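Undergrad: Take a look at the following structure, please.
The values are calculated or read from the model by the stated rules, or taken from the named source; none is laboratory data. What you see is a predicted model; the values in this text were computed from it and never measured. No Cβ is skipped: glycine too gets one built from the backbone with ideal geometry, and neighbour counts run over all protein chains shown. For accessibility, only protein heavy atoms count, side chains too; no ligands or nucleic acids. Shrake-Rupley method; radii C 1.70, N 1.55, O 1.52, S 1.80 Å.
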Amino acid sequence: MVAGLVTGQSIVNPDKMFQDAGIHSVIDRVERVDVKNKEVSLAGGRTIPFNKLVLGVGSRALIPPIEGADLEGLFTLRQLKDAEGIRDFIQQKNPRQLVFIGAGFISMEQATLLMENAPGRYEASIVELLEQPLPLMIDPELGARIQEYLTDKGLKFRMGEKVTKVLGRNGRVTGVELSSGESLPADMVFMNVGVRPNLELAEQMGLELGRFGIKVNQFLETSHPDVLAAGDCIENIHFVTKKPVPIQLRGPAVIQGRLVAKRLAGYKIPFPGVLGNSVVRLFDKHIAATGMTEQQASKEDLHTVCATVDSRSKHNMIPGKKPWTLKLVFDRKNERLIGGQIISDDVAPAKEIDTVNALIMGEKTISDLTTLMCAGNPDCSSEPSAEPITIAAEQALQKLGK
């Protein structure tokens, strides 16, 4: 069987171990795919036949059509070359006033890392259309905690505002104009407001497209029987709602790549859908989330019961313990866990989001979680009596009034 792997619209050179396994690489740009004759045409003039084809063409940063988006000093962050461009601009231009458009985890990571690595050097403003930082990860009450913490660290927030224009002079960024009419000065602007799947090849091939990418079935097969697709270019389905969602993350892309390989090898393992499991570090805070927030569930007309528990990273008697907070979101109708959020001053508790993620995938209920037994050690966790997942389940059970 001859198979082609198209990634970033180029057939990319794998590591030597792949070459040793008999996988041949070609560095060139894919110009066209002839699905009828099963041929891939490259920019260099070469044509490669295939029996099965995998599209892994990824996505690119979304840049809204606003005036000034092409000015020098405005950056997105999606690829290595973007990071290199940001580094070079900072080294060469020495910017001081920074504006970040969007308060998702990419903007928040960039802002906090820059301020952390050069204390006192930058004045950073975050402009977000919604009312809180990390609005797709956490609910407002937890978002308010993060905003207060980051404000104390020196970040300035403009929530509920929209950037309508990027201001400039002599081809270079000088600030942004807000929907309120106010202007913010800036030597450098970061725009991280989402991504757009690369669909040019899929369109040329006549593949069925969805609202958020290439349509695939649970085995990552497209509308053409011999073409599969995976990663940021496909339309993902949410595990809870079973609806298409614009969730493009590295974790699901890695698993999808493995499943595609298994499918080509004859296995038939379905991809279960996505939950948006993610984690971010902002200074000394670790924020993690998976599944649906209470707000997102409400927009889907799901009635919820929620519980928020404050815990600690070690037994109460152990020095060095750090606080962390867990919020769980349950579907009131079937009592299943559908979402979780964590804010922690220690890194280890943040990874409990993976436990929450597994419990959602296992369709566990409030009652199930009241019997969850976790490993415990005075130096590694809170007391078993203070384990927050089971306490949150106990609180939710009480709220049900059973």
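Residues checked against (1) surrounded by 17 or more Cβ atoms within 10 Å (Cβ to Cβ); (2) closer than 30 Å to Gly154 by Cβ; (3) basic (Lys, Arg):
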residue: Leu220; (1), (2), (3): yes, no, no
residue: Ile237; (1), (2), (3): yes, no, no
residue: Leu249; (1), (2), (3): no, yes, no
residue: Arg281; (1), (2), (3): yes, yes, yes
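Each row is one residue, and each column tells you yes or no for (1) of a type in the set (Ser, Thr, Tyr); (2) modelled with pLDDT of 95 or more.
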residue	(1), (2)
Ile247	no, no
Arg250	no, no
Val254	no, yes
Val279	no, yes
Phe283	no, yes
Glu294	no, yes
Ala297	no, yes
Cys306	no, yes
Ser313	yes, no
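Undergrad: Which pairs do you get when a residue that is over 12 Å from Lys314 (Cα atoms) and at pLDDT 90 or above, found in the stretch 375-390, comes within reach of a residue that is among the β-branched types (Val, Ile, Thr) and assigned to a loop (DSSP other than H, G, I, E, B), reach meaning Cβ atoms under 9 angstrom, with the pair 6+ apart or on two chains?
TA: Once the first residue is over 12 Å from Lys314 (Cα atoms) and at pLDDT 90 or above and sits in the stretch 375-390, its partners that are among the β-branched types (Val, Ile, Thr) and assigned to a loop (DSSP other than H, G, I, E, B) give Thr390/Thr370; Thr390/Thr371.
Undergrad: Moving on. Can you run down the residue pairs with Cβ atoms below 7 Å, 6 or more apart or on separate chains, where the first is in the stretch 18-42 and polar (S, T, N, Q) and the partner is crowded, with 16+ Cβ neighbours inside 10 Å and not in a strand (DSSP E or B)?
TA: Correct list of pairs: Ser25/Ile11.
Undergrad: Just to be sure, is Ser125 small (Gly, Ala, Ser), outside any helix (DSSP H, G or I) and open to solvent by less than 20 Å² (accessible area, probe 1.4 Å)? Full working, then the answer.
TA: Details: small (Gly, Ala, Ser): yes; outside any helix (DSSP H, G or I): yes; open to solvent by less than 20 Å² (accessible area, probe 1.4 Å): yes.
Criteria met by Ser125.
Undergrad: When the stretch 95-130 is examined, which residues are found to be farther than 28 Å from Gly276 by Cα, of a type in the set (S, T, N, Q) and touching a residue at least 12 places away in the same chain (Cβ under 8 Å)?
TA: Residue satisfying the conditions is Gln97 alone.
Undergrad: Return the only residue of Glu335, Glu294, Glu300 being out of contact with any Cys (no Cβ under 9 Å at 6 or more places or on another chain) and under 19 Å from Pro140 (Cα atoms).
TA: Glu300
Undergrad: For the stretch 233-281, what are the residues that are in contact with a strand residue (DSSP E or B) (Cβ under 8 Å, 6 or more places away or on another chain), more than 16 Å from Gly213 (Cβ to Cβ), among the aliphatic types (A, V, I, L, M) and not in a loop (DSSP other than H, G, I, E, B)?
TA: Answer for the stretch 233-281, where residues must be in contact with a strand residue (DSSP E or B) (Cβ under 8 Å, 6 or more places away or on another chain), more than 16 Å from Gly213 (Cβ to Cβ), among the aliphatic types (A, V, I, L, M) and not in a loop (DSSP other than H, G, I, E, B): Leu264, Val279, Val280.
Undergrad: Quick one: which strands (runs of 3 or more DSSP E) sit completely within the stretch 24-113 and have at least 1 residues that are more than 21 Å from the chain's Cα centre (by Cα)?
TA: Filter on the stretch 24-113 gives 30-34, 39-42, 47-49, 52-56, 97-101.
Undergrad: Has the stretch 157-175 got any residue that is closer than 19 Å to Thr293 by Cβ, in contact with a strand residue (DSSP E or B) (Cβ under 6 Å, 6 or more places away or on another chain), assigned to a strand (DSSP E or B) and of a type outside the set (Phe, Trp, Tyr)?
TA: Scanning the stretch 157-175 turns up at least one residue that is closer than 19 Å to Thr293 by Cβ, in contact with a strand residue (DSSP E or B) (Cβ under 6 Å, 6 or more places away or on another chain), assigned to a strand (DSSP E or B) and of a type outside the set (Phe, Trp, Tyr).
Undergrad: What are the residues in the stretch 198-214 that are open to solvent by less than 20 Å² (accessible area, probe 1.4 Å) and assigned to a strand (DSSP E or B), if any?
TA: Matches in the stretch 198-214: Ile214 only.
Undergrad: Turning to a different aspect of this structure: Suppose we filter the stretch 29-59 for residues that are in contact with a helix residue (DSSP H, G or I) (Cβ under 9 Å, 6 or more places away or on another chain), farther than 30 Å from Leu77 by Cα and charged (D, E, K, R); how many remain?
TA: Number satisfying all stated conditions: 2.
Undergrad: Right, next: Being open to solvent by 50 Å² or more (accessible area, probe 1.4 Å) and among the acidic types (Asp, Glu) is the filter; apply it to the stretch 128-170 and report the residue that is farthest from the chain's Cα centre (by Cα).
TA: Filtering the stretch 128-170 for residues that are open to solvent by 50 Å² or more (accessible area, probe 1.4 Å) and among the acidic types (Asp, Glu), the one farthest from the chain's Cα centre (by Cα) comes out as Asp152.
Undergrad: With Ala111, Ala103 as the choices, which residue is hydrophobic (A, V, I, L, M, F, W, C), under 21 Å from Gly68 (Cα atoms) and buried (at least 20 other Cβ atoms within 10 Å of the Cβ)?
TA: Values: Ala111 fails: under 21 Å from Gly68 (Cα atoms).
Only one candidate qualifies: Ala103.
Undergrad: What is the number of the single condition among (1) loosely packed, with under 15 Cβ neighbours inside 10 Å; (2) in contact (Cβ under 8 Å) with a residue 60 or more places away in the chain; (3) among the charged types (D, E, K, R) that Lys262 does not meet?
TA: (2)
Undergrad: Also, quick follow-up: Which of the residues belonging to the stretch 348-399 are surrounded by fewer than 13 Cβ atoms within 10 Å (Cβ to Cβ) and farther than 21 Å from Leu275 by Cα?
TA: Within the stretch 348-399, Thr371, Met373, Ala375, Asn377, Asp379, Cys380, Pro384, Ser385, Gln398 meet the criteria.
Undergrad: Taking the condition buried (at least 20 other Cβ atoms within 10 Å of the Cβ), touching a residue at least 60 places away in the same chain (Cβ under 8 Å) and closer than 22 Å to Leu337 by Cα, does Val274 pass?
TA: Details: buried (at least 20 other Cβ atoms within 10 Å of the Cβ): yes; touching a residue at least 60 places away in the same chain (Cβ under 8 Å): no; closer than 22 Å to Leu337 by Cα: yes.
When the stated conditions are applied, Val274 does not pass them.
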